[in-house]
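Trainee: Have a look at this one.
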Amino acid sequence: MNKIYLVFLVCIFLSCNKNVLIDNKYGTPVELERIVTNVDLDDNTLNSYNLLSTLYYSFKDYIYAYNYFTHAIDIINITDNNVSHIKLHTEGSNGIADEITGLYISSPDSIWIATTTNIVLINPDGEIINNHSLLEKDSETALIMCNFSVCTSKIYYNPKRNSLFYLVMSVNDDKSTFFAEEHLLSDNTKKKYPLSFNTDKDVRNKYGWKQCPNITFTESNILYNLPIESNVYAIDIETGKNSVYGGKSRCTKNEVDELNLPYDFEQANRHYCNNVHFFEINYDPVNDFYYRLHLGEIAYDATQDFESILNKKDIYLMVFNNKFEVINETKLYDQRYGFRNCWGVSSQGFFITKSNPFYKDVNFEQFQTDIFHIE
């Protein structure tokens, strides 16, 4: 009887203190080859962006990026080394005046743009083809952003299902829950996919700037993770099955220390520097691999500028095969790459811009990237 009671207590303890980091499964290791690309820019193009989408079309790689200075979509052709632009309207029937928070390119003729209230479909002339309202409930907030310190959650158009996907936060009685929302365009209905985690941590209130999950969508899966831990989660869109995989780094810690409220900006900045940060999962549909960046820890120094400390953080790239087995983890070059979401997947592999302010060879007249290609 005592043994049964003890087991019962242990089960209660574990269920109330759920905090499980999944161990990695490893596949056949691969080597990464670094491919350098430099695209010459015109006077209206930037050398780094925090909001972009990629397109592989007619055997060419394009990066579409939102330029908030010119209110335009800059198109960077990294195959042919040229740039072009789609000027967005601000007034009239084609006007997009709200803050732009998301971007997804499904084809050269179909450009999806998310604002704080809507998702609009435009053509290459900047004309609005369709306009869809994001939310209907006051208790729900669409979280579409590329914020390096909070989370990365982008929009996605699923051509097989003719639907839009994005992340939503629901707040009830001061408790936040997250789910992926699918907006089915054929009948204007919406479907919810709740996000579950192997932790009971109060993500919204006890981890400084790291307050929301990262989320990525593919034709078959919803992929998500938390900035505060190494686990990788997936939901099969067809079956609704939830899966969790290990993504532990061999180079850094794999979970973040708590920062309890109340805290001020300096305490939150210190917390961000002193801890790791895991970014979103990036899917490579051409090669059927997954990539994830994460930042290591660095000591906070109140006498130094916060941005300067951040740009000295080590950055790591982890590669998974299509079974989410780890096949590579690489520490990238020191103080070379920017970490404000200017990365993605081309047909050749995972790319990231060389836009770190400490990078001595930065050329502001070029869009400079390194592509990490699996040999």
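The values are calculated or read from the model by the stated rules, or taken from the named source; none is laboratory data. Keep in mind that what you see is a predicted model, and the values were worked out from it rather than measured. Note that we place each Cβ from the backbone using ideal geometry, even for glycine, and neighbour counts take in every protein chain shown. Just so you know, the surface numbers come from the protein's heavy atoms only, side chains and all, with ligands and any DNA or RNA stripped out. Shrake-Rupley method; radii C 1.70, N 1.55, O 1.52, S 1.80 Å.
Trainee: Specify the residue that is farthest from the chain's Cα centre (by Cα); the eligible residues are those in the stretch 274-287 that are open to solvent by 10 Å² or more (accessible area, probe 1.4 Å), under 13 Å from PHE320 (Cβ atoms) and modelled with pLDDT of 95 or more. Please lay out each step first, then the result.
Mentor: Initially, the stretch 274-287 is screened for residues open to solvent by 10 Å² or more (accessible area, probe 1.4 Å), giving 274, 282-283, 285-287.
Retained after the next criterion (residues that are under 13 Å from PHE320 (Cβ atoms)): 282-283, 287.
Retained after the next criterion (residues that are modelled with pLDDT of 95 or more): 282-283.
Numbers: ASN282: 7, TYR283: 11 Å.
The extreme case among them is TYR283.
Trainee: Would you please name the residue that is modelled with the lowest pLDDT, looking only at residues in the stretch 120-168 that are among the acidic types (Asp, Glu) and farther than 17 Å from LEU88 by Cβ? I'd like the intermediate steps shown before the answer.
Mentor: Taking the stretch 120-168 as the starting set, the residues that turn out to be among the acidic types (Asp, Glu) are 125, 127, 136, 138, 140.
Checking which are farther than 17 Å from LEU88 by Cβ leaves us with 136, 138, 140.
Details: GLU136: 69, ASP138: 79, GLU140: 90.
Across the stretch 120-168, the extreme among qualifying residues is GLU136.
Trainee: While we're looking at this one, here's another question. Run down PHE350, PHE324, PHE278 and say which single residue is assigned to a loop (DSSP other than H, G, I, E, B) and among the aromatic types (Phe, Trp, Tyr). Let's see the steps before the verdict.
Mentor: Working: PHE350 fails: assigned to a loop (DSSP other than H, G, I, E, B); PHE278 fails: assigned to a loop (DSSP other than H, G, I, E, B).
After applying the criteria, what remains is PHE324.
Trainee: Can you list the strands (runs of 3 or more DSSP E) found entirely within the stretch 197-273 that contain at least 3 residues being open to solvent by less than 10 Å² (accessible area, probe 1.4 Å), out of contact with any His (no Cβ under 8 Å at 6 or more places or on another chain) and of a type outside the set (Asp, Glu)? Full working, then the answer.
Mentor: Values: elements: 214-217, 221-225, 232-236, 242-245.
Filter on the stretch 197-273 gives 221-225, 232-236.
Trainee: Another one. Being of a type in the set (A, V, I, L, M, F, W, C) and in contact (Cβ under 8 Å) with a residue 40 or more places away in the chain is the filter; apply it to the stretch 135-159 and report the residue that is nearest to GLY344 (Cα to Cα).
Mentor: Filtering the stretch 135-159 for residues of a type in the set (A, V, I, L, M, F, W, C) gives 135, 142-146, 148, 150-151, 155.
Narrowing the set further to residues that are in contact (Cβ under 8 Å) with a residue 40 or more places away in the chain leaves 143-146, 148, 150-151, 155.
Details: LEU143: 20, ILE144: 17, MET145: 15, CYS146: 12, PHE148: 14, VAL150: 18, CYS151: 15, ILE155: 14 Å.
In this case the residue turns out to be CYS146.
Trainee: Within the group THR141, THR115, THR90, which residue is farther than 28 Å from ILE228 by Cβ and out of contact with any Asp or Glu (no Cβ under 8 Å at 6 or more places or on another chain)? If you could, list the steps in order and put the result at the bottom.
Mentor: Numbers: THR141 fails: farther than 28 Å from ILE228 by Cβ; THR115 fails: out of contact with any Asp or Glu (no Cβ under 8 Å at 6 or more places or on another chain).
Exactly one residue qualifies, and that residue is THR90.
Trainee: To continue, here is another question. Condition (residue is part of a strand (DSSP E or B), farther than 21 Å from VAL203 by Cα, charged (D, E, K, R) and open to solvent by less than 20 Å² (accessible area, probe 1.4 Å)) applied to the stretch 174-186: is it met by at least one residue? Full working, then the answer.
Mentor: Of all residues in the stretch 174-186, those part of a strand (DSSP E or B) come to 175-184.
Keeping just the survivors that are farther than 21 Å from VAL203 by Cα gives 182-184.
If we keep only those that are charged (D, E, K, R) as well, we get 182.
Among the residues that remain, those that are also open to solvent by less than 20 Å² (accessible area, probe 1.4 Å) are: 182.
Looking through the stretch 174-186, at least one residue is part of a strand (DSSP E or B), farther than 21 Å from VAL203 by Cα, charged (D, E, K, R) and open to solvent by less than 20 Å² (accessible area, probe 1.4 Å).
Trainee: Say whether the condition of being outside any strand (DSSP E or B), closer than 19 Å to ILE235 by Cα and of a type in the set (D, E, K, R) is met by at least one residue in the stretch 156-173.
Mentor: We begin by selecting, within the stretch 156-173, every residue outside any strand (DSSP E or B); these are 159-162, 173.
Imposing the further condition that a residue be closer than 19 Å to ILE235 by Cα reduces the set to 159-162.
Those still in the list that are of a type in the set (D, E, K, R) too: 160-161.
Checked the stretch 156-173: at least one residue is outside any strand (DSSP E or B), closer than 19 Å to ILE235 by Cα and of a type in the set (D, E, K, R).
Trainee: Which members of the stretch 149-196 meet the condition of being polar (S, T, N, Q), in contact with an Asp or Glu (Cβ under 8 Å, 6 or more places away or on another chain) and over 18 Å from THR117 (Cβ atoms)?
Mentor: Here is the first cut: in the stretch 149-196, the residues polar (S, T, N, Q) are 149, 152-153, 158, 162-163, 170, 172, 176-177, 186, 188-189, 196.
Remaining after also requiring in contact with an Asp or Glu (Cβ under 8 Å, 6 or more places away or on another chain): 152-153, 158, 163, 170.
Passing the criteria: THR152, ASN158, SER163.
Trainee: Which residues, counting only those in the stretch 337-354, are in contact (Cβ under 8 Å) with a residue 24 or more places away in the chain and not polar (S, T, N, Q)? Lay out the reasoning, then the answer.
Mentor: First, pick out the residues of the stretch 337-354 that are in contact (Cβ under 8 Å) with a residue 24 or more places away in the chain: 337-353.
Once the filter is applied, which keeps residues that are in contact (Cβ under 8 Å) with a residue 24 or more places away in the chain and not polar (S, T, N, Q), the stretch 337-354 yields TYR337, GLY338, PHE339, ARG340, CYS342, TRP343, GLY344, VAL345, GLY349, PHE350, PHE351, ILE352.
Trainee: Would you say ASP257 is out of contact with any Leu (no Cβ under 7 Å at 6 or more places or on another chain), of a type in the set (Asp, Glu) and more than 21 Å from TYR104 (Cβ to Cβ)?
Mentor: Here the answer is yes, as ASP257 does meet what is asked.
Trainee: Quick one: LEU293 ticks every box in (1) aliphatic (A, V, I, L, M); (2) open to solvent by less than 50 Å² (accessible area, probe 1.4 Å); (3) touching a residue at least 60 places away in the same chain (Cβ under 8 Å) except a single one, so which number is it?
Mentor: Tallying (1) aliphatic (A, V, I, L, M); (2) open to solvent by less than 50 Å² (accessible area, probe 1.4 Å); (3) touching a residue at least 60 places away in the same chain (Cβ under 8 Å), LEU293 fails exactly one: (3).
Trainee: Collect the residues in the stretch 341-367 that are of a type in the set (D, E, K, R) and farther than 20 Å from MET318 by Cα, keeping them in residue-number order. Step through it out loud before you land on a result.
Mentor: Within the stretch 341-367, the first condition is being of a type in the set (D, E, K, R), and the residues that meet it are 354, 360-361, 365.
The answer is LYS360, ASP361, GLU365.
Trainee: Then there's this: Search the stretch 150-167 for residues being within 16 Å of TYR224 (Cα to Cα) and of a type in the set (Ser, Thr, Tyr), and hand back the single one that is most open to solvent (accessible area, probe 1.4 Å). Let's see the steps before the verdict.
Mentor: First, the residues of the stretch 150-167 that are within 16 Å of TYR224 (Cα to Cα): 150-156, 165-167.
Among the residues that remain, those that are also of a type in the set (Ser, Thr, Tyr) are: 152-153, 156, 166.
Numbers: THR152: 1, SER153: 1, TYR156: 20, TYR166: 2 Å².
That would be TYR156.
Trainee: For a quick check of your reading of the model, give me the residue pairs whose first member lies in the stretch 46-61 and is more than 21 Å from THR218 (Cα to Cα), whose second is open to solvent by less than 20 Å² (accessible area, probe 1.4 Å) and of a type in the set (A, V, I, L, M), with beta-carbon atoms closer than 8 Å and at least 6 apart or on different chains.
Mentor: Filtered contacts from the stretch 46-61: LEU46/ALA65; TYR49/ALA65.
Trainee: Given (1) at pLDDT 95 or above; (2) within 21 Å of the chain's Cα centre (by Cα); (3) within 28 Å of ASP74 (Cα to Cα), identify the lone condition not met by VAL326.
Mentor: Just one mismatch for VAL326, condition (3).
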